[in-house]
1. Quick one: Karplus J couplings for region 335-349, per residue in order, coefficients 6.51, -1.76, 1.60, θ = phi - 60°, nearest Hz, x for Gly and Pro?
2. Grab the beta carbon distance between D279 and A198, set R0 = 30 Å, and tell me the FRET efficiency rounded to 0.05.
3. Restricting things to Cα coordinates, could you compute the convex hull volume per residue of the chain in Å³?
4. For region 343-404, what D do you get in µm² per second when you plug the Kirkwood radius from alpha-carbon pairs into Stokes-Einstein at 4 °C and 1.567 mPa s?
5. Taking θ as phi - 60°, what are the ³J(HN,Hα) couplings along region 160-175 by the Karplus curve (6.51, -1.76, 1.60), each to the nearest whole Hz, with x for Gly and Pro?
6. Tally Lys/Arg at +1 and Asp/Glu at -1 over every other residue whose Cβ is under 10 Å from the Cβ of P83; what's the total?
7. Quick one: give the max-minus-min coordinate of the C-alpha atoms of region 199-285 along each principal axis, largest first, in Å.
8. Please give me, ordered by residue number, the trypsin sites (Lys or Arg not before Pro) of region 284-328 that lie in loop per DSSP and have at most 16 other Cβ atoms within 10 Å.
Amino acid sequence: MSVGLVLANAVLVDPAGGIRTGSLSVAKDRIAAKAPDGAETIDAKGAHLAPGIVDLGVFSVDKAACIAGGITRVALMPDLSPPLDDPGLVQRSALAAKPDLWVHPLAAATRRLEGRELAEYALMVRAGARAVATGRNQIADSGVMLRVLAYAASQGLTVIAHAEDEGLVRNAVATAGETASRLGLASGPARAEAMAIARDLALVEETGAAIHFRQVTTARGLALIRVAKAQGLRVTCGITPAHLLLSDIAVTDFRTFARLSPPLRSEDDRQACLEAVADGTIDVLCSAHDPRGPEAKRLPFADAEPGMAGAETLLALGLGLVRDGLIDLPRLMAMLSANPARIIGVEGGSLGEGAAADLMLFDPDAPWIIDGSRFAGQAGNTPFDMLPTQGRVLKTIKGGRPLG
């Protein structure tokens, strides 16, 4: 553990406190009013300093990718092999990346993620689980989902839900529309998302549970979220940069790096998502980090696995929303750190005295070209391959200790 640290000459970006220029002191693993004697000093030289990213809903503990992307905490989805439906598996996952990365496992909502029998949440909470997740798929049985929400509420846990009606999207690899028709791809209607959200919101109203829809990507789905929030339901939602910046046209030529879950949507839905970021409907910007090697992606489109490596590009693509005037920098940091930390009940997202010294130092203007072949992480399956962008992490700090 570091004795202390001073980050001097920085632009401090606090989700709650706005932006100011100055220095930040760290004593051991906490932000402090004054660093102890003998503390290391890092001259930021005008770079931006913000809370480390809390990435809500990754599918792999990819330590190198997280350090490169300014991520200090990840909420790990239960879709491992075997799934995180047992206290021993949860405990092992929580320890997987120490001391360089906080891993917060999400307990499988049902045994083996099969959508039938509830897992034992209370025991998994004691082992380190921070929320309950349905995994990559919806729980199709409404009775089971009702019990999931009720049990989670009794344990004070948020349910992280996948929002697609299973009966409408089973075997689909794209969103129904002109692009899917031209390519001859099996597709499901975008409306499947709103149908799943409507059902789950009705069950939330019944149970009083807290629910977070990991990705909401359609105008109809977002409209339901707005109404639910106005009614006072305990609902939040997230999205990835891919669904904000790309439409289903990106799968033209059968580009498997653009095969995602949920699939990319129409341009109208993409624009609706941007509006939802601007008006505050969307709470979280996440990477959905899911590194896949060539054996999973260099296949015919329908056979390729969905997912993208998003940890190393999350900040840069998020900064594009700031440059476009959609949101300001503190709001982006809230979406990347403070909001996800609050949803799963962990520290993060603050530069206030006494807060955890989990930080990232970054240059918002540094130009670079996204090149998946040069990623630090496990794989480079990004739909943004070879895209020029701006904004790069200079240093990631966990518990007051610079990494990398």
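Each reported figure results from applying straightforward, stated rules to the coordinates on display, with no laboratory input. All values reported here derive from a predicted model rather than from experimental measurement. Every residue, glycine as well, gets a Cβ built from its backbone with ideal geometry; the counts of neighbours run over all protein chains shown.
1. Using θ = phi - 60°, the values come out as 5, 8, 9, 5, 5, x, 4, 5, 5, 9, x, 10, 6, x, x Hz.
2. Once the sixth-power term is evaluated, E becomes 0.90.
3. That works out to 125 Å³ per residue.
4. Values: Rh = 14.0 Å.
It comes out at roughly 93 µm²/s.
5. 8, 10, 8, 10, 8, 5, 4, x, 9, 10, 4, 6, 6, 10, 8, 7
6. Numbers: positive: R111, R112; negative: D79, D85, D86, E114.
Net charge around P83: -2.
7. 45, 22, 19
8. Here the trypsin sites (Lys or Arg not before Pro) that fit, given the DSSP loop and packing criteria, are R298.
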